[in-house]
1. Just want the answer: with Cβ charges of +1 for Lys and Arg and -1 for Asp and Glu, which residue in Tyr83, Thr64, Tyr141 is farthest toward the dipole's positive end in region 3-156?
2. In a shell of Cβ-Cβ distance under 15 Å around Asn14, excluding Asn14 itself, what net charge do Lys and Arg (+1) and Asp and Glu (-1) give?
3. Once R0 is set to 30 Å, what does the formula 1/(1 + (r/R0)^6) return for the Cβ-Cβ distance between Asp93 and Asp158, expressed as a FRET efficiency to the nearest 0.05?
4. Where does each of Met128, Met50, Met1 land when they are ranked from fewest to most other beta-carbon atoms within 10 angstrom?
5. Does anything in region 65-95 have its amide N under 11 Å from the 7 Å Cα→Cβ label point of Leu142, and if so which residues?
6. Residues of region 47-70 with amide nitrogen under 15 Å from the 7 Å Cα-to-Cβ point of Asn81?
7. At a 10 angstrom cut-off on C-beta neighbours, averaged per residue, how do the peptides 86-95, 101-110 rank from highest to lowest?
8. Using the Kirkwood formula on the Cα atoms of the chain, what hydrodynamic radius do you get, in angstrom to one decimal?
Amino acid sequence: MDSRIISKIDEIFNKEFPFEDESSDEYDFEKLENNNNIIIPAIYKEFLLMNKYEYTKDDYFFPTIEKSSSTPADGLEFIDNFYSLASFFENSDEFMDLWCDYVLPIGEVAGDFVCIGVKEHNLGKIYMLNHDDEEREDGLYLIADSFSDFIMSFRLVDSN
């Protein structure tokens, strides 16, 4: 993973709340991909294996490319939490059964999902899945063209 991305991850995550220790041995990316005919982007796999934290620091926000009716006026969103390796695997099958098979959840924002594209046509793109959306059938709004762009887009917003 690019050193700029590692540095940004180090900057934005709150290290007071680490995930419980997880062994990556029990999670099989290849099996998940083959069983569901999906591709999990390599950079996101690396992130899952290296990241030990669930929450970003309080004043870090990210912009979205596409805005929904629930997007704040300033266009900046706050991610409630990122999924751990275990959460990603535990939620993937159920998510695909409920929503669709071309994105998987990587975190949550105010009851909605932040997702990553896992099919050839949207591979690696980051979306907001607005589950109550009535404007779009799939409820997906583009956040970033890649996971790298998503991580690098986080910025500190002074709340004062």
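1. With unit charges placed on the Cβ atoms, the residue in question is Thr64.
2. Values: positive: Lys8, Lys15, Lys52, Lys57; negative: Asp10, Glu11, Glu16, Glu54, Asp58, Asp59, Asp80.
Around Asn14, the charge tally is -3.
3. Values: r = 41 Å, r/R0 = 1.36.
Once rounded, the FRET efficiency stands at 0.15.
4. On the way: Met128 26, Met50 12, Met1 16.
Lowest to highest Cβ neighbour count: Met50, Met1, Met128.
5. So the set is 65-67.
6. Output list for this probe position: 52-57.
7. On the way: 86-95: 16.7, 101-110: 19.1.
Put in order of decreasing packing, that is 101-110, 86-95.
8. Details: mean 1/r = 0.0622 Å⁻¹.
Computed over Cα pairs of the chain, the Kirkwood hydrodynamic radius comes out at 16.1 Å.
Computed from the coordinates by the stated procedures, all read-outs in this text should not be read as laboratory data. All of these numbers come straight from a predicted model, not from anything done at the bench. Neighbour counts are summed over all protein chains in view; Cβ atoms, including those assigned to glycine, are modelled from backbone coordinates with ideal geometry.
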